[in-house]
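Working notes, structure below.
The values are calculated or read from the model by the stated rules, or taken from the named source; none is laboratory data. Nothing here was measured: the structure is a model prediction, and the numbers come from that model. Here Cβ is always computed from backbone atoms with ideal geometry, including for glycine, and neighbour counts include all displayed protein chains. SASA here: full protein model, heavy atoms, side chains in, ligands and nucleic acids out. Shrake-Rupley method; radii C 1.70, N 1.55, O 1.52, S 1.80 Å.
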Amino acid sequence: MPHNHAMASYPESGGPIHRTIPAGDNRARLVCDACGYIQYDNPKVVVGAVAIWQDRILLCRRAIEPRTGYWTLPAGYLELNESTEDGAMREAREEAGAELRLNSILAVYNIPRISQVQIIYRAELLSDDIAAGEESQEVGLFKAADIPWKDLAFPSVRWALRQYDEIKDKASFAPFTNPDGETGDFDPDAVMGV
């Protein structure tokens, strides 16, 4: 059920707000009674990369919730006025001190339970000079056989790593989506299978 929270971009009129279905719409929205301003709450966009140095993959051990201490790809929320490419490269710099060259979109994932769209790129590290940023406890370059599968933070990390393995030697490919039947739901206390 939607929360009846204050508008992120409150109208200048400062009028009272309520949740209603605006004319011509089919969903309840926060609407200002005084000026008619409508607050649209939309999914968040996450951007990241499967970044490779030679035959090793960059992973970051999370220093923040959710899933502190678990391994993930360098990824995070897209900022306002930022391209998805710039966002993916920024996240790699912030989380791992890494500089990337993006090759192509690896996948676009839909995680409806948390209203996220994730855009994951295939990328090359420009060097192996990496270091944990503020949001990472540590970072590492892992050969495929050494990936800590049971300690991955999110299902989409597992998907991206598996899908990258399918296309790692291909120059071109169609971007992936969620694996069949997968929506990103998981029990965080359950072991993440290979």
Quiz item: Where both residues lie in the chain, what percent of DSSP beta bridges are antiparallel, nearest 5?
Solution: 70
Self-check item: E166-Y77 pseudo-label distance in nm [points 7 Å out on the Cα-to-Cβ vector]
Solution: 3.1
Quiz prompt | Contact order normalised by residue count of the stretch 52-110, Cα under 8 Å, 6+ apart, percent | solution = 21
Quiz item: Per the 1.4 Å probe, what fraction of the accessible area of the chain, in percent, lies on carbon and sulfur atoms?
Solution: 49
Exercise. Over every pair of different alpha-carbon atoms in the stretch 19-125, take the mean of 1/r and invert it; report that Kirkwood radius in Å.
Key: 15.7
Exercise. Calculate how steeply helix 155-167 sits against the longest principal axis of the alpha-carbon atoms of the chain, using the helix alpha-carbon long axis, and give the answer as 0 to 90 degrees to the nearest 10.
Key: 50
Quiz item: Under 14 Å from the 7 Å Cα→Cβ point of A174, by amide nitrogen: which residues of the stretch 132-158?
Solution: none
Exercise. Please state, as a whole number in µm²/s, the translational diffusion coefficient that the Stokes-Einstein equation yields for the chain at 37 °C and 0.692 mPa s, with Rh defined as the Kirkwood radius across alpha carbon pairs.
Key: 179
Practice problem: Per DSSP H run of n ≥ 4, the term is -39500 (n - 2.57); total these for the chain, divide by its residue number, and report the mean residue ellipticity at 222 nm rounded to 500 deg cm²/dmol. | Solution: -4000 deg cm²/dmol
Quiz item: So how tilted is helix 84-96 from the main axis of the chain? Cα-based, degrees 0 to 90, rounded to 10.
Solution: 60
Quiz item: In whole percent, what relative contact order does the stretch 63-194 give with Cα contacts below 8 Å and a gap of six or more residues?
Solution: 28
Exercise. Multiply the residue gap between N26 and Y40 by 0.36 nm, knock off their C-alpha separation, and tell me the result in nm, one decimal place.
Key: 3.8 nm
Quiz item: Under Stokes-Einstein, with the Kirkwood radius over Cα pairs standing in for Rh, what whole-number D in µm²/s applies to the stretch 53-112 at 4 °C and 1.567 mPa s?
Solution: 101
Practice problem: Give me Rg over Rh for the stretch 117-191, both radii from the alpha carbons and Rh done the Kirkwood way, two decimal places. | Solution: 0.96
Self-check item: Förster-model FRET efficiency, 25 Å R0, V108 and D185, C-beta, rounded to 0.05
Solution: 0.90
Quiz item: Any idea which of A49, Y70, H18 is furthest toward the positive side of the dipole for the chain, if Lys and Arg beta-carbons carry +1 and Asp and Glu beta-carbons -1?
Solution: H18
Quiz item: Using the Karplus equation 6.51 cos²θ - 1.76 cosθ + 1.60 (θ = phi - 60°), what ³J(HN,Hα) coupling, rounded to whole Hz, does each residue of the stretch 101-113 give in order, writing x for Gly and Pro?
Solution: 10, 6, 9, 5, 6, 7, 7, 10, 10, 10, 10, x, 4
Self-check item: Coarse-grained scattering of the stretch 94-143 at q = 0.17, 0.20, 0.27 Å⁻¹, given as base-10 log I(q)/I(0) from a Debye sum over alpha-carbon atoms
Solution: -0.69, -0.87, -1.01
Quiz item: Leaving out ligands, DNA and RNA but keeping every protein chain, what accessible area does D165 have, in Å² rounded to the nearest 10, with a 1.4 Å probe?
Solution: 80
Practice problem: At 7 Å along the Cα-to-beta-carbon direction for both K143 and D55, put a label point, then send me their distance in nm to one decimal. | Solution: 0.7
Practice problem: Go through the stretch 87-191 and name the chymotrypsin sites (Phe, Trp or Tyr not before Pro) that are in a DSSP coil and have 16 or fewer other Cβ atoms within 10 Å of their Cβ. | Solution: F173, F186
Self-check item: Residue with peak Gaussian network fluctuation, the chain [Cα springs, cutoff 10 Å], from N26, N103, N178
Solution: N26
Practice problem: Compute the FRET efficiency between K150 and L126 as 1/(1 + (r/R0)^6), taking r as their Cβ-Cβ distance and R0 = 30 Å, and round to the nearest 0.05. | Solution: 0.50
Self-check item: Surface accessible to a 1.4 Å probe, T177 within the full protein complex, Å²
Solution: 80
